[in-house]
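Visitor: Could you have a look at this structure, given as structure tokens, before my questions?
Read-outs throughout are calculated quantities, based only on the coordinates presented, and are distinct from any laboratory measurement. Given the structure is predicted, the values throughout are model-derived calculations rather than measurements. No Cβ is skipped: glycine too gets one built from the backbone with ideal geometry, and neighbour counts run over all protein chains shown.
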Amino acid sequence: MKIEYYHASRFGNGAEVAEEFRRQAGLLGATVEVHHIRDADPRNLPSADLYVFSSPGQWGKPIKRVRRFLGELDLPAGTKCAVLTTEIAPRPDKQTGVLPTEEEQAKWQKVRPIINELLENAGLTRVAEDRILVTEIRGPLEDGWEAKVRSFAEQVVTETVGVQTQ
Ligand SMILES: Cc1cc2nc3c(=O)[nH]c(=O)nc-3n(C[C@H](O)[C@H](O)[C@H](O)COP(=O)(O)O)c2cc1C
């Protein structure tokens with residue numbers, strides 16, 4: 001089972017997540033090639049059983065380079081893909097100390113919805129989606145991020161081979 005992983009990490013956190021995914025999916029029997037999107041041609045990607053796309057959030061969106069890359073994808077209709085972003089951890093309100101709800105976050109944080117729409121336009125089938133948080137702009141990654149990547153890898157590998165694990 002071959003997985004091609006494309007990320008656009010600037011400060012290294014997304015690259016670290018990609019490497020952990022490669023390791024975890026490898027333990028489950030997948031071969032994962034990790035690339036930064038600046039080194040890849042979206043119209044000529046190597047064949048794979050599944051593609052993972054990853055972007056940092058920027059001003060509520062995936063970074064421009066990722067939007068352009070996904071807009072130019074040329075893969076067979078129905079190709080399987082998965083999305084794993086890196087996003088900033090929500091901050092508590094300065095006055096109330098209360099964290100924004102999912103609904104409130106969704107008003108400005110559209111990183112994954114935009115990626116999903118681009119993938120849908122490209123005719124791909126998404127089988128998994130998650131985000132890994134950074135506690136500050138340049139990291140570090142949130143506590144427990146490795147476990148989150150592991151369960152994402154399990155989901156992706158399961159969906160790629162098309163069987164349910166126990
Ligand atoms: C100018 C700028 C704007 C950002 N805006 C957002 C944002 O709107 N939402 C978000 O989740 N993260 C935002 N971030 C934080 C990035 O998500 C974070 O830096 C990135 O995920 C870290 O991953 P990397 O080390 O792989 O680049 C922003 C970062 C920068 C530098």
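Visitor: Using the Cβ atoms and a cut-off under 11 Å, what net charge is assigned to the surroundings of V157, where Lys and Arg are +1 and Asp and Glu are -1?
Guide: Result for the neighbourhood of V157: -2.
Visitor: Run the dipole for the chain about the Cα centre, Lys and Arg Cβ at +1, Asp and Glu Cβ at -1, nothing else charged, and hand back the magnitude in debye, nearest 20.
Guide: Value, rounded to 20: 480 debye.
Visitor: Okay, next question. Along the charge dipole of the stretch 27-94, which of L27, P46, G60 sits closest to the positive end, that is, farthest toward it, with unit charges on the beta carbon of Lys, Arg, Asp and Glu (+1, +1, -1, -1)?
Guide: Farthest along the dipole direction, towards plus: G60.
Visitor: Next question. Quick one: net charge around A15, please, counting Lys, Arg +1 and Asp, Glu -1 for every other residue with C-beta under 14 Å from its C-beta.
Guide: Taking every other residue near A15 into account, the sum is 0.
Visitor: On to the next question. Quick check for the chain: number of Lys pairs with alpha-carbon distance under 25 Å, counting only pairs 8 or more apart or on different chains?
Guide: Lysine pairs, 8 or more places apart or on different chains, close enough: 16.
Visitor: Size of the dipole of the stretch 75-166 about the Cα centre, Lys and Arg at +1 and Asp and Glu at -1 on the beta carbon, nothing else charged, in debye to 20?
Guide: Working: 11 positive and 15 negative charges, 39 e Å.
Roughly 180 debye for the stretch 75-166.
Visitor: Rule-of-thumb check for the stretch 2-161: C-alpha Rg over 2.2 N^0.38 Å?
Guide: 1.02
Visitor: Between R65 and R10, what is the spin-label point distance in nm, taking each point 7 Å from the Cα along the Cα→C-beta axis?
Guide: Computed distance between label sites R65 and R10 equals 1.0 nm.
Visitor: As a check on your grasp of the helix formula, calculate [θ] at 222 nm for the chain: sum -39500 (n - 2.57) over DSSP H runs of n ≥ 4, divide by the residue count, round to the nearest 500.
Guide: Working: 5 runs with 58 residues, N = 166.
Computed ellipticity for the chain at 222 nm equals -10500 deg cm²/dmol.
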